[in-house]
Amino acid sequence: MQKKGKSVFPGGVHPTDGSDKALSMDAAIQQYEPSTVTILSEQSFGGKCRLLVQPGDTVEEGQLIGEPEAFMAAPLHASVSGTVLDVREVVNQGRKLLACVIQREKECAESSASYRTAAADIREISREEILAGIRDGGLTGMGGAGFPAHKKYETDKDIDTLLINGAECEPYLTCDYRLMLEEGYALVNGARLLLKASGAERACICLEDNKPQAAENLSRILEEARNQGIMESGEQVEVKIFPTKYPEGGERQLIQAVTGREVPMGGLPADVGVIVSNVGTAKAAADMILGHMPLTRRIVTVTGWVKNPGNYRVPIGTSAKELVELAGGVTVPQNRVIAGGPMTGPCVASDWNGEEELFYITKNTSGILVLPDSAWEEQPCIRCGGCENACPAGLVPWQIDFAFQQEDYELCEKLYASECIACGCCSYICPAKRELTVRTRMARDAVKQRMRERAVKKA
C-alpha cells in the first residue's frame, strides 16, 4: 500500500522543473564492460584499503582484493575477471591514490537468479548471516559518502525503523529510479533482508512523488509477496511517498519527514532508533546474501549536455571518460563536468575536451553530469535571509560565512557550523551568488577538527 507522507523538515528548495530528470529517466539500464578497470584503494574519503594483489595475478570477479585499514573502509573486491596489470598511484579528483588496474578477460554473465524475478523466502536466513554478508560483501552507502553499511547494522542502539532511501532528490540523477523500475524484486528482497538485520519493527521504502511508476512497481511486488505467504509474520515493509523537495533524500531530513524525530547534534540516526540505507545498498544486500556476489558493480547516470543521456551498469573502476564517450560525448565546448549531481557533486573538469581522464567510478558514484559553463562574480551579502530560510539544518549560513572569513572558529562553533550537511541550498538560493556552501562546509570541517582536538586533550 502506498502512503503519501508530508514533508516536514525545514527549509529546502525546488531547483528544477523536472526537465533535468526527463533527460535520462526513460533510458533503460545498459550494461557496459570496459577492457580495463582501475579500482581505487579508497572508495570513499578516508576509507583506505590495503591491496592484496600484485601485477601478474589472476583474479575472478568478486574475489577479495583489499582489506580495510580505516574506519570508513569496507572490503574491496575485483569487479571483473582477468589479470592485474599494475598496482600504482593514480590521480583521482585531485588526489593521489593507490589503485589496482585489472585487464578484463572474461565476459560478465548476467545473473538470472530467482531473487531478481520473484519474492524470496528468507525465513531460514539468520540475522547473523545477513550481518556477515553485509560486512564481507563490502556493502557501503551508495547514495552519499560511502559509509560502510555493516557499521550501521552492528549498532548497540535499539532500532525500530529502517528507511530505504529512494528519494533521489538530487537533480539530473535517475540511476536509483531505473533501479526501482528494473530491479524491483532484488531491491525489495534486499530491503527485507536489511529489515531482519536491523531488528527494526518496520521498513519504509521512501520515494518522492515524481516517481509514481517506481512506487507502483514496488507496491505491486510487496503485495505479491504478501499474497504468496512468503513474508514472515510481523514483517512490515511499506512504500512511503513524499512531496518532491530538495533535499528530501538527506538522511536527517528523511528521518524527520517519516518519524518526526530529529537526530541530535553530533549524533547518528541510530540515536533516534533509525537506520537509513540507499536503494542501491538494499539491492546489493540481495546480490550478496541471495546471489553470493559482493558489491562489484553499480548503476551510473551519464547526463546533461551529452549527446545521449543514459544509465549504465558498470564495474567499479570504470573510466568516467569512457562513459561520457559511450553517451556520445559532450555537446558544449565551454563546460563543467561534475561527479554526481549539481547540488553536492564536485566539479572535476572545466572546458573538458574529451581527452584527459576524468575519474574512476567508485561504489558511491551515482552520476557524471556535464553542464554548460557559467561565470559570475560574488556580490556583497544583502542580508535577505534567503539562505537561512532555505537551510534544512536550521542554520544561518550568511553568519557562518562571515565568521569563517574572519577566522573566528569559536563563533562558527556557536553558530552550529558542525551541523552543515553541505546540501547546496544556501548557494542555490543566494541572489548575491555567494559561495556559501563551500565556506560553510569548510567552517564545519574546522569546527569538527577543533572538537576532535579537545576530545583528545581531555582523554
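Nothing in this text is a laboratory measurement; each read-out follows from the coordinates by a stated rule. Since the structure is predicted, the reported quantities are computational estimates derived from the model, not experimental observations. Cβ atoms come from the backbone with ideal geometry, glycine included; neighbour counts cover every protein chain shown.
Amide H neighbours of Val13 under 5 Å, at least 5 residues apart or on other chains, H built in the peptide plane: list them.
Here the answer is Tyr246, since their amide H atoms fall under 5 Å of that of Val13.
Relative contact order, percent, of region 315-459 when contacts are C-alpha pairs under 8 Å separated by at least 6 residues? Could the numbers behind the result be given before it?
Numbers: 216 pairs, mean separation 29.3, N = 145.
So the answer I get is 20 percent.
Stokes-Einstein at 37 °C, 0.692 mPa s, Kirkwood radius from Cα pairs: D for region 35-107 in µm² s⁻¹? Mind dumping the intermediate values first?
Values: Rh = 12.1 Å.
Taking Rh from Cα pairs, D becomes 271 µm²/s.
Roughly what % antiparallel, to the nearest 5, for the DSSP beta bridges in the chain?
60 percent
Name the longest site-free stretch of the chain, where the excluded sites are trypsin sites (Lys or Arg not before Pro) in a DSSP loop with no more than 15 other beta-carbon atoms within 10 Å. It would help to have the intermediate numbers written out before the result.
Working: sites that count: Lys6, Lys106, Arg123, Lys157, Arg261, Lys307, Arg383, Lys433.
Counting at most 15 other Cβ atoms within 10 Å as exposed, the longest clean stretch of the chain is 158-260.
Name the lysines eligible as straight-distance cross-link partners of Lys307: C-alpha to C-alpha under 27 Å, and not fewer than 8 places from it in the same chain.
Lys21, Lys211, Lys321, Lys363
Using Cα pairs under 8 angstrom and six or more residues apart, how large is the relative contact order of region 186-247, in percent? Each step should come with its number before you reach the end.
Working: 55 pairs, mean separation 29.3, N = 62.
Once normalised by length, the contact order is 47 percent.
Please report the spacing between the Cα centers of region 278-295 and region 428-459 in Å, no decimals.
Using only Cα atoms to place each centre, the spacing works out to 35 Å.
Calculated from DSSP H runs of 4 or more alone, at -39500 (n - 2.57) each and per residue, what is the 222 nm mean residue ellipticity of the chain, nearest 500? Walk me through the intermediate numbers first.
Numbers: 14 runs with 133 residues, N = 459.
Result for the chain, helices only: -8500 deg cm²/dmol.
Return the loop-located GluC sites (Glu not before Pro) in region 343-440 (DSSP other than H, G, I, E, B) with at most 11 other Cβ atoms within 10 Å of their own Cβ; answer none if there are none. It would help to have the intermediate numbers written out before the result.
Numbers: sites: Glu355, Glu356, Glu357, Glu377, Glu378, Glu388, Glu407, Glu410, Glu413, Glu419, Glu435; in loops: Glu355, Glu356, Glu357, Glu377, Glu378, Glu407, Glu435.
Within region 343-440, the qualifying GluC sites (Glu not before Pro) (loop, at most 11 other Cβ atoms within 10 Å) are Glu355, Glu356, Glu377, Glu378, Glu407.
Pairs of Cα atoms under 8 Å, at least six residues apart: use those to get the relative contact order of the chain, whole percent. Walk me through the intermediate numbers first.
Values: 1052 pairs, mean separation 86.8, N = 459.
Contact order relative to length: 19 percent.
Work out the charge dipole of the chain with +1 on the Cβ of Lys and Arg and -1 on the Cβ of Asp and Glu about the Cα centre, then indicate which of Val188, Thr259, Cys49 is farthest towards its positive end.
Result: Thr259, furthest along the dipole toward the positive end.
Using 0.36 nm per residue of separation minus the Cα-Cα distance, give me the extension gain between Glu154 and Glu201 in nm, one decimal.
Numbers: separation 47, 0.36 × 47 = 16.92 nm, distance 1.63 nm.
Gain on extension, Glu154 to Glu201, equals 15.3 nm.
With each pseudo-label sitting 7 Å past Cα toward Cβ, what's the Arg452-Asn210 distance in nm, one decimal?
3.5 nm
For a quick size check, give me the Cα extents of region 162-311 along its three principal axes, largest first, whole Å.
Projected onto its principal axes, the Cα set of region 162-311 covers 49, 40, 29 Å.
Per residue of region 317-327, what does 6.51 cos²θ - 1.76 cosθ + 1.60 with θ = phi - 60° give for ³J(HN,Hα)? Whole Hz please, x for Gly and Pro, Karplus curve as stated.
Residue by residue, region 317-327 yields x, 5, 6, 5, 4, 4, 5, 5, 4, 4, 7 Hz.
P(r) for the chain, please, calculated from all Cα pair distances in 10 Å bins and given in %.
Going from the shortest bin to the longest, the percentages are 4, 20, 31, 28, 14, 3, 0.
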